[in-house]
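Colleague: My questions will all concern the structure given below.
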Amino acid sequence: MTTASDDAAKPVPVRVVLPADPVLGHPEQEVVARLWRRQQTEAGWRYLVGLPSYRDLEDGGVEAAEYRVWVRAPDHVRPVDGVDYDQVPTEHLPSTRASVVREVLGERRPSGWVLAKVREGRGPARGVLHAPDCEEAPQGAPLLGVEQALNVAENPGTRLCTLCGCAQELTPLLRGFDQISDA
């Protein structure tokens, strides 16, 4: 329940709010515990508190112990009058939401599509739609939104690039999601 690194810091007293128990008819209670550490997360503050407890000994006896648990502040803790909390080890945790999304999905690709125009002899203009970061995409071409890209893709002279995934992204929108196959 405790570690050597936690014992290096000197804890300070804090009031911990214990939940009410409607089954037993107990109201919410406060007990004085020891505050070991605190963390500021993107969701708010968490405090590592040591609650007084007991533990069984192998010989059948019982001794005083401490149960450490992280609780949310200020929901589950209250300050003790006259106690200075400035010396409590405090960690400000960086936001993890964006990094977790980036880790799972990878770097975000630029939104939109670009059209590489291809002229071959006479007849209607032909083109290839690409994602903007495709190595085959023309540099400096105007960025098309989804509706513009779909309008261009409906032209019989337009191909959708399979190298960058443009075809995989736009084909379901053009033909419906029922047309997707494992092939």
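Colleague: Rounded to a whole number, what is D in µm²/s for the range 25-69 from Stokes-Einstein with the Kirkwood radius over alpha-carbon pairs (10 °C, 1.306 mPa s)? The partial results should precede the final answer.
Modeller: Values: Rh = 12.9 Å.
Stokes-Einstein gives a translational diffusion coefficient of 123 µm²/s.
Colleague: Next question. Could you check the spin-label model distance between residue 29 and residue 83? Points 7 Å from the Cα along Cα→Cβ, value in nm.
Modeller: Taking the simple label geometry, residue 29 and residue 83 are separated by 1.8 nm.
Readers should treat all values here as calculations from the given coordinates under stated rules, not as data from a laboratory. All figures in this text were calculated on a predicted structure; none of them were measured in a lab. So basically every Cβ, Gly included, is an ideal-geometry build from the backbone, and we count neighbours across all protein chains shown.
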